[in-house]
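Where a number appears in this text, it was derived from the coordinates with a stated rule and is not lab data. This structure is a prediction, so every number in the text was calculated from the model and none was measured. Here the Cβ positions follow ideal geometry from the backbone for every residue, glycine too, while neighbour counts run over all protein chains shown.
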């Protein structure tokens, strides 16, 4: 009675996979995770321990970067063979397949049909809006995605605003599960430092204003930036951290460490480029983490999440520029009374609308209906 979770990352960490697996372990104790270690430096076969149990993870060791290069495309093709081979090898026990994004969904659908088990298609990011897909092949990619969406037993999206991305598809069942963190008591240690602390932990890539913000923080010694994660801008972050004592680079962090770092902050940030189509539907983990921790967040205008921030008054919205971000941050800390109100509103919104307890019930109901 195995549920197979498929993810085209190393899952070290991968907050959404980890919290979904932990929730499903409440009612289904046998879970197999198939992942992809593109750096080739993690264990191929290990057991991950969660609050509600443990799950075995098998990782493909295919070396590859991220993006749309020929090498990445070849790596993605080889990863599909890995998924199919492992699902076939464990076929006697598998009762459901939970595929994350298009990088695993087509192989997941093929094997779900072959093994006659249900497929849950969990769309973290809609592919043609998320990646630099050549215009010539974008319609084909979208048709493949639509093909999978229409045949999956359940489709999960991460926000109500994402439904418009699926306008060409007709999913059998559509469920919204927000990127909320599980409610956690975080024992944060605030450094004895009067500087305002900002935190960003996530993918270190273009389109998130990171290079511009590193430059900004190098000119603002009264602020401190904690930055962590992995990606194309990792070397840039390391260089700024080495040169400026108000920038600290943490590298890849376990999720619990990320929350501890964020809990000691004054403000989180998720400033995504609205020119990237998928950013218009963004549902960043950092927004929900800010709510849980009672922190303000600064986001970019026209990126989807800006509507939630503005509507519920739990942070500020800026244009996609370092100058606009700087003005927003200065304005945020100039009004201490409003800052206290943001803390209160954020926690209340998390508990009543976006808590993982609410999302977990939706996820478990999916598997109750399928199995």
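What to note about this one:
- Crossing angle, helix 102-115 versus the chain [Cα axis fit, 0-90 degrees, rounded to tens]: 30
- Taking the fewest neighbouring Cβ atoms within 10 Å as the starting point, the ordered list for 356, 88, 223 is 88, 223, 356.
- Structure-based [θ]222 nm, the chain - -39500 (n - 2.57) summed over DSSP H runs of at least 4, per residue, nearest 500: -12500 deg cm²/dmol
- Residues of the range 1-41 with amide N under 14 Å of a point placed 7 Å along Cα→Cβ from residue 362: 20
- In terms of surrounding Cβ atoms within a 10 Å radius of their Cβ, 110, 305, 137 rank from fewest to most as 137, 110, 305.
- Additional length obtainable on full extension of the chain from residue 239 to residue 51, 0.36 nm per residue less Cα span: 64.0 nm
- With the simple spin-label model, which puts each label point 7 Å out from Cα in the Cβ direction, the residue 312 to residue 260 separation comes to 2.7 nm.
- For the range 196-354, the relative contact order is 20 percent, taking Cα pairs closer than 8 Å that sit 6 or more residues apart in sequence and dividing their mean separation by the residue count.
- Sites residue 338 and residue 78 - FRET efficiency at Förster radius 51 Å, r taken between beta-carbons, to 0.05: 0.45
- Taking every C-alpha pair closer than 8 Å and separated by at least 6 residues, the mean separation divided by the residue count of the chain gives a relative contact order of 13 percent.
- Rounded to 5, percent antiparallel among DSSP beta bridges of the chain: 10
- The chain: angle of helix 336-349 to the longest principal axis, Cα-based, in degrees nearest 10: 20
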